[in-house]
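Engineer: Pasting a structure here, questions to come.
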Amino acid sequence: MGLGRKIFNKLGGHMSQVETVKQWQATACILCSRNCGIEVETAKRDILKIRGDKAHPISTGYLCQKAQRLNYYQNHSDRLTSPLRRGKDGTFEKVSWEIAITEIAAELVRLRDSYGGHSLAYYGGGGQGNHLAGPYAKAMRLAMKTPNYYTSLAQEKTGGFWVDGRLYGRQNCHLTEDVENAEVVVFIGTNPWQSHGIRNARQTLQEIHKNPNRKMIVIDPRRTETAAMADLHLQLKPGTDAFLLAAILAVILKENQQNQAFLEKYTTGFTLVYDALMKISIEDFAERSGVELKDVYQSAYLISQAKSCAVRTDLGIEQTLNSTLNSYLRALLYLITGNVGKVGGNNFHTALVPVFGHSDEGEKQMRSKVTGFPFIANLLPPNILPAEIDNDHPNRTRGLLVDSSNPIVTAADTQAYLKAFAKLDLLVVIDVAMTETAQMAHYVLPASSQYEKWEATFF
């Protein structure tokens with residue numbers, strides 16, 4: 001007999017006299033790519049308690065600090081509950097869903113039919129764990145007849161996507177790192193102790209740190225929590241990642257430690273790369289990066305001699321100088337040493353639903369209408385959006401739908417965004433909170449959080 005039924009019987013069968021017994025429900029955290037299993041205890045709209053799901057086959061009960069704050073994300077004083085329409089005096093009034101949707105649709109159709117689908121753009125989608133907004137957005141963009149899709153992913157990762165396209169043939173041929181099983185792990189521009197991004201991050205880092213047969217190399221200007229646990233911390237000068245990575249690669253080649261069998265069997269064009277790296281002055285590049293020469297050699301030795309080496313990078317090298325070159329040199333670390341397609345290396349992975357696509361280059365390459373910026377992985381970077389709006393070009397962007405994103409704060413140039421957004425004929429924001437971007441909108445539509453609707457773990 002269940003606990004609820006026992007209480008029911010003790011009270012003489014009058015269930016109305018007692019609240020329903022609280023139950024733990026299995027679900028998942030979708031705030032990062034690891035999608036750890038969690039259990040939540042709820043009461044109406046509140047998440048009372050959160051704990052790791054020990055039955056989850058991957059995370060096995062692990063819980064980080066981000067998941068513990070899920071209730072705050074869902075329930076707070078800025079939470080939106082009704083559609084809002086901006087009046088002529090700049091204030092917002094509540095309107096019904098029917099009115100909001102009808103008026104927004106009419107203005108989108110007017111702009112689309114008057115100026116073409118390229119006059120409209122979509123920003124965000126899938127933000128803060130609302131993953132299903134991504135595929136829903138594709139249908140929306142088809143109705144808008146626009147290819148213009150701006151996301152933070154495009155600002156952060158498209159340099160890497162472009163490199164992947166050149167290396168492997170498609171921009172959505174993406175590799176992921178098998179950190180858990182690697183003999184040597186290299187973390188570049190990332191601090192998993194805080195940002196996670198690897199399986200059960202803190203447990204995994206501690207396991208590597210305590211195992212005398214495994215080594216951790218961290219490349220980061222800061223002595224982060226992860227760097228403090230490393231066997232070797234290469235504390236380079238900010239923005240000099242390309243110099244340091246090139247120096248490490250040059251050491252591997254000049255010491256003849258490349259995996260020649262792998263290179264001959266699986267790659268083409270290595271001779272050109274070899275010739276370029278052999279011309280590098282290791283001493284000069286090490287000095288430019290601010291890293292001692294002996295540490296450059298030691299890192300090259302650890303990487304090249306390991307039975308397996310996984311390289312994990314993130315925004316630290318993707319949001320800095322030479323970011324695209326950084327992505328290429330990062331890839332060369334595991335390609336030249338043959339750490340691709342093996343346990344403990346970097347591996348291609350499949351996806352039930354691809355997160356991003358592929359954009360052709362050459363004659364078929366699509367470009368934005370005003371700045372002429374190329375689409376990469378079918379995406380456009382947010383940094384060009386103000387320039388696509390704030391001009392007198394006949395094909396400028398006139399209408400924008402922002403979903404689960406706050407570019408006024410998160411994009412690179414707030415002042416440029418403020419000036420450009422003021423020029424839009426239509427700005428619609430869909431979000432859970434009254435963000436800075438929402439405050440500039442003509443219409444604001446309240447969104448459900450990821451735990452108030454059916455959702456999916458995409459990663």
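Engineer: What pairs can you find where one residue is in segment 347-361 and at negative phi, the other is among the polar types (S, T, N, Q) and surrounded by fewer than 12 Cβ atoms within 10 Å (Cβ to Cβ), and their Cβ atoms are less than 7 Å apart, with a gap of 6+ or different chains?
Structural biologist: If the second residue must be among the polar types (S, T, N, Q) and surrounded by fewer than 12 Cβ atoms within 10 Å (Cβ to Cβ), the pairs left are Ser359/Gln365.
Engineer: Still on this structure, please answer the following. Scan segment 224-232 and give yes if some residue there is at pLDDT 95 or above, surrounded by fewer than 19 Cβ atoms within 10 Å (Cβ to Cβ) and touching a Ser or Thr at 6+ places or on another chain (Cβ under 8 Å), otherwise no.
Structural biologist: yes
The rows are residues; the columns are (1) at pLDDT below 95; (2) out of contact with any strand residue (DSSP E or B) (no Cβ under 9 Å at 6 or more places or on another chain).
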{"position": "Gly338", "(1), (2)": "no, yes"}
{"position": "Phe348", "(1), (2)": "yes, no"}
{"position": "Phe356", "(1), (2)": "yes, no"}
{"position": "Glu363", "(1), (2)": "yes, yes"}
{"position": "Arg367", "(1), (2)": "no, no"}
{"position": "Val370", "(1), (2)": "no, yes"}
{"position": "His393", "(1), (2)": "no, yes"}
{"position": "Asp403", "(1), (2)": "yes, no"}
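Engineer: Test Gly239 against the criterion of being assigned to a helix (DSSP H, G or I), touching a Ser or Thr at 6+ places or on another chain (Cβ under 9 Å) and more than 24 Å from Cys36 (Cβ to Cβ), and give yes or no.
Structural biologist: On the way: assigned to a helix (DSSP H, G or I): no; touching a Ser or Thr at 6+ places or on another chain (Cβ under 9 Å): yes; more than 24 Å from Cys36 (Cβ to Cβ): yes.
For Gly239, the condition - assigned to a helix (DSSP H, G or I), touching a Ser or Thr at 6+ places or on another chain (Cβ under 9 Å) and more than 24 Å from Cys36 (Cβ to Cβ) - is not met.
Engineer: Does Thr204 meet the test of being under 24 Å from the mean Cα position of the chain (by Cα) and buried (at least 21 other Cβ atoms within 10 Å of the Cβ)?
Structural biologist: The answer is no for Thr204.
Engineer: While we're on this one: Being touching a helix residue (DSSP H, G or I) at 6+ places or on another chain (Cβ under 8 Å), surrounded by fewer than 17 Cβ atoms within 10 Å (Cβ to Cβ) and of a type in the set (S, T, N, Q) is the filter here; which residues of segment 166-201 pass it?
Structural biologist: The answer is Gln194, and nothing else.
Engineer: Within segment 275-294, which residues are more than 32 Å from the chain's Cα centre (by Cα) and of a type outside the set (Gly, Ala, Ser)?
Structural biologist: Selection gives Asp275, Met278, Lys279, Ile280, Ile282, Glu283, Asp284, Glu287, Glu292, Leu293, Lys294.
Engineer: Just to verify a result, which residue in segment 93-137, among those that are closer than 25 Å to Gly357 by Cα and assigned to a strand (DSSP E or B), is modelled with the lowest pLDDT?
Structural biologist: Gly124
Engineer: Residue under question is Thr320, and the condition is that it be of a type in the set (Ser, Thr, Tyr) and assigned by TED's automatic domain parsing to the domain that holds Thr397; does it hold?
Structural biologist: Considered against the rule, which asks whether it is of a type in the set (Ser, Thr, Tyr) and assigned by TED's automatic domain parsing to the domain that holds Thr397, Thr320 comes out as no.
Engineer: Show the residue pairs that are 6+ apart or on different chains and have beta-carbon atoms under 6 Å apart, the first residue being within segment 39-60 and at negative phi, the second being outside any loop (DSSP other than H, G, I, E, B) and at pLDDT 95 or above.
Structural biologist: As it stands, the answer is none, since no pair meets every condition given.
Engineer: Could you grab the pairs with beta carbons closer than 6 Å, sequence gap of 6+ or different chains, first residue in segment 201-220 and within 28 Å of Lys237 (Cα to Cα), second one surrounded by 21 or more Cβ atoms within 10 Å (Cβ to Cβ) and of a type in the set (Ser, Thr, Tyr)?
Structural biologist: Going by the 6 Å Cβ cut-off, the qualifying pairs are Ile217/Ser299; Val218/Thr226.
Here's the yes/no breakdown for (1) of a type in the set (Ser, Thr, Tyr); (2) under 14 Å from Leu445 (Cβ atoms); (3) not assigned by TED's automatic domain parsing to the domain that holds Lys369:
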| residue | (1), (2), (3) |
| --- | --- |
| Ile99 | no, yes, no |
| Ala106 | no, no, no |
| Ser119 | yes, no, no |
| Gly124 | no, yes, no |
| Pro135 | no, no, no |
| Lys145 | no, no, no |
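Engineer: Among the candidates Thr81, Thr102, which residue alone is β-branched (Val, Ile, Thr) and surrounded by fewer than 11 Cβ atoms within 10 Å (Cβ to Cβ)?
Structural biologist: Thr81
Engineer: Can you find even one residue in segment 210-221 that is among the polar types (S, T, N, Q), within 13 Å of Val179 (Cβ to Cβ) and crowded, with 18+ Cβ neighbours inside 10 Å?
Structural biologist: No, segment 210-221 has no match at all.
Engineer: Mind telling me which of the residues Asp314, Asp284 ends up being surrounded by fewer than 20 Cβ atoms within 10 Å (Cβ to Cβ), at negative phi, without any contact (Cβ under 8 Å) to a residue 24 or more places away in the chain and not aliphatic (A, V, I, L, M)?
Structural biologist: Asp284
The values are calculated or read from the model by the stated rules, or taken from the named source; none is laboratory data. What you see is a predicted model; the values in this text were computed from it and never measured. Neighbour counts run over all protein chains shown; Cβ positions are idealised from the backbone, glycine included.
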